[in-house]
Amino acid sequence: YLERALQELPPPERHTAREILKNLVTSEETKTVLRIADLVRAVGKPEDEVTRILSDLSNRRLIRRVQHEEGFWYELAHEYLVEEITRWLSEKEKELKRIRELLEQAVRNHRNLGMLMPAAQLRLVMAHEDDLNLSKEERQLLRSSVQALSTRRKRLALVAALSALFLIIGGIAWRYVY
């Protein structure tokens, strides 16, 4: 049913529809819900085009619109679609999906707890930054995390230098005393 429904779409919209559907599954092969702004950023198309395609996919009962406090979110209408859509994903897309989910969790941690990203996560995200279509909030989190990491490294370097200096002075003083 899925392939047939997509074939009924005009060719220019078919690719975008597939990209939208791929964004509605997680790296763990489950359904997820996304805001229209997230889908627009993910597929890189204008909001009016994405809205039109979402409406078409909804009319074909492939997705459904879910009311949340902050507006409408979209999800796959049926769990059975997840397996077929997951097969469309390349290995690189699967990897980017895992990294995107890691970044989204880091954003939630920052919003709720004020936590910045650990160095290992930061390096992973930064290595794929060009492929992730980052939001302003995500970019700000990366900048803040890089800045904090840099500050921490400078402090550690200063502590190490002072420790070395004290050891040298202590060694010299020991030689003169004994």
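The values are calculated or read from the model by the stated rules, or taken from the named source; none is laboratory data. Computed from a predicted model, the values in this text were never measured in an experiment. All Cβ positions, glycine included, derive from the backbone under ideal geometry; neighbour counts span all protein chains shown. The protein model used for the area step is the full one, side chains on, heavy atoms only, and it has no ligands, DNA or RNA in it. Shrake-Rupley method; radii C 1.70, N 1.55, O 1.52, S 1.80 Å.
Within the option set 108, 152, 98, being modelled with pLDDT under 90 and either part of a helix (DSSP H, G or I) or closer than 25 Å to residue 43 by Cβ (or both) holds for one residue only, 152.
Taking the range 1-56 as the region of interest, the helices (runs of 4 or more DSSP H) fully inside it that hold 2 or more residues being open to solvent by 40 Å² or more (accessible area, probe 1.4 Å) and free of Cβ contacts under 8 Å to residues at least 12 places away in the same chain are 2-7, 11-23. Scan the range 120-133 for residues that are in contact with a helix residue (DSSP H, G or I) (Cβ under 9 Å, 6 or more places away or on another chain), assigned to a helix (DSSP H, G or I) and open to solvent by 30 Å² or more (accessible area, probe 1.4 Å) and the total you get is 6.
Filtering the range 81-95 to residues that are touching a residue at least 60 places away in the same chain (Cβ under 8 Å) and under 16 Å from the mean Cα position of the chain (by Cα) leaves 93, 94. Flag: residue 176 does not match the condition of being of a type in the set (Ser, Thr, Tyr) and surrounded by 14 or more Cβ atoms within 10 Å (Cβ to Cβ).
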